[in-house]
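Q: For reference, the structure I am asking about is given below.
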Amino acid sequence: MSSRAVREAKWYEKLSDGKVRCRLCPWNCVLEPGRVGLCGVRMNREGSLFTLVYGLVSSLAIDPIEKKPLYHFYPGAPILSISTVGCNLKCPWCQNWHISRAKPEEALTEYLEPSMIVKLARRYDVPFVAYTYNEPLIWYEYVADTAKLVKQEGGFNVLVTNGHANPEPLEELLKYIDAANVDVKAFEPKTYLKIIGGKLENILESIKIMKEKDVHVETTYLVVPGINDNEEEFRKMVRWHIDELGPETPLHISRFFPAYKFADKNSTPTELLTKFWALAKSEGVYYVYLGNVPGHKGEYTFCSHCEKPVVKRMGFEIFEWNIEGGNKCKFCGATIHIRGERWRRSSRDFPLVF
């Protein structure tokens, strides 16, 4: 682990006896000297709080923006995606557990200054940067510094996040964020506390703050069998989504595949996903998508007025586009709620960086 990665953190207060209280996320960890917070990357060193992962990049790739998933923010665009290690939740099904559960000193990382991320984005002609793969909010100082530089260059910043943050630091960061996909991992507070290790009410509040700050928001609900696949729980989430975020806010319903501590579980039945997809549409969500089910019509964007497919996708690739100038449905002229124009270059033009 590079010594350059250890820097004094933001959003904390000093207490008596050398203790500190981290104010970044709802856990508000109180740490004695030498102790690390629940996220695994913020440490009390001699009475001050330090981040251990500033600039420690564990993954770096150029993805299609649909992979985040974002279907209504510059569709088809390439996006430079970066991550570090650690997380402030403990999902036992985490697909990226090898970095989310890793310690900074154990992980394979490369130190990159924020300016290097901007140089890479410019080199590959990618004006979009995503903070993703593990939880970006625990990488707060680095994300903020990088996002500022990206904005100065005229680029766009995307968070792929669990939303488990306190309002004040989140609002400060959102000054530089253009879009976000937020995972709503269940809609029962007990499930969050007992299994996921978070507080549902704080996550919902974070999403509302993003909408209020005019960040483009899309949400994802990973359906895990036996955990959050109850129809009434899902219906409650959908109704909250409509009431608080608006029916035009895209909702992604994603298929679970066995991983980490849930490696012995079964994948989500496609039939259940299709049922939830239809339920969300019947409740009034305009744009509902199925993830990890390639070839399903749930990958398409349908006009909320005439119900014809205006964007057809296979996986992350767009193969038919029926939206005309001003984001209007080609068939009936209704507005399709997309922020930004369709990106005209294929993500396959851009290689993996390392």
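The values are calculated or read from the model by the stated rules, or taken from the named source; none is laboratory data. Quick caveat: nothing in here was measured; it's all calculated off a predicted structure. Counting neighbours? That spans all protein chains shown, and the Cβs are built from the backbone with ideal geometry, glycine included.
Q: Could you tell me which of the residues PRO92, PRO78, PRO104 is of a type outside the set (Gly, Ala, Ser) and surrounded by fewer than 20 Cβ atoms within 10 Å (Cβ to Cβ)?
A: PRO92
Q: I'd like to verify a number: residues in region 33-81 that are on the phi > 0 side of the Ramachandran plot and without any contact (Cβ under 8 Å) to a residue 40 or more places away in the chain, how many? It would help to see each step written out before you state the result.
A: Quick first cut of region 33-81, residues on the phi > 0 side of the Ramachandran plot only: 34, 40, 46-47, 55, 74, 76.
Remaining after also requiring without any contact (Cβ under 8 Å) to a residue 40 or more places away in the chain: 34, 46-47.
Number of matching residues: 3.
Q: A further question on this structure: Among the numbered criteria (1) out of contact with any Asp or Glu (no Cβ under 6 Å at 6 or more places or on another chain); (2) modelled with pLDDT of 95 or more; (3) in the same structural domain as HIS241 (by TED's automatic domain parsing), which single criterion is violated by PRO294?
A: Of the numbered conditions (1) out of contact with any Asp or Glu (no Cβ under 6 Å at 6 or more places or on another chain); (2) modelled with pLDDT of 95 or more; (3) in the same structural domain as HIS241 (by TED's automatic domain parsing), the odd one out for PRO294 is (2).
Q: Give the number of residues within region 186-224 that are more than 27 Å from ILE338 (Cα to Cα) and aromatic (Phe, Trp, Tyr).
A: 1
Q: At least 2 residues that are closer than 15 Å to VAL53 by Cβ and modelled with pLDDT of 95 or more in each: list the strands (runs of 3 or more DSSP E) lying fully within region 70-179 that qualify. Reasoning before the result, please.
A: Working: elements: 78-83, 128-131, 156-161.
Ranges flagged: 78-83.
Q: Hey, another quick one. Within region 113-151, take every residue that is closer than 14 Å to SER83 by Cα and among the acidic types (Asp, Glu) and give me the one that is surrounded by the fewest Cβ atoms within 10 Å (Cβ to Cβ).
A: GLU113
Q: Can you spot a residue in region 320-331 that is part of a strand (DSSP E or B) and acidic (Asp, Glu)?
A: yes
Q: Further question: Has region 270-277 got at least one residue that is within 16 Å of THR220 (Cα to Cα), assigned to a strand (DSSP E or B) and in contact (Cβ under 8 Å) with a residue 12 or more places away in the chain?
A: No, region 270-277 contains no residue that is within 16 Å of THR220 (Cα to Cα), assigned to a strand (DSSP E or B) and in contact (Cβ under 8 Å) with a residue 12 or more places away in the chain.
Q: Does any residue of region 201-220 turn out to be of a type in the set (S, T, N, Q) and within 24 Å of TRP11 (Cβ to Cβ)?
A: So far as region 201-220 goes, yes, one or more of its residues are of a type in the set (S, T, N, Q) and within 24 Å of TRP11 (Cβ to Cβ).
Q: Can you go through GLU244, GLU232 and tell me which one is assigned to a helix (DSSP H, G or I), without any contact (Cβ under 8 Å) to a residue 12 or more places away in the chain, closer than 26 Å to LYS208 by Cβ and out of contact with any His (no Cβ under 8 Å at 6 or more places or on another chain)?
A: Answer to the selection: GLU232.
Q: Take the residues of region 253-269 that are out of contact with any strand residue (DSSP E or B) (no Cβ under 8 Å at 6 or more places or on another chain) and part of a loop (DSSP other than H, G, I, E, B): which is farthest from GLU320 (Cα to Cα)?
A: ASP264
Q: Using the structure shown, decide if LEU38 is under 26 Å from the mean Cα position of the chain (by Cα) and part of a strand (DSSP E or B).
A: Against the criterion (under 26 Å from the mean Cα position of the chain (by Cα) and part of a strand (DSSP E or B)), LEU38 does not qualify.
Q: Something else about it: Output the residues belonging to region 287-316 that are without any contact (Cβ under 8 Å) to a residue 60 or more places away in the chain, in a loop (DSSP other than H, G, I, E, B) and crowded, with 22+ Cβ neighbours inside 10 Å.
A: Across region 287-316, the qualifying residue is only CYS303.
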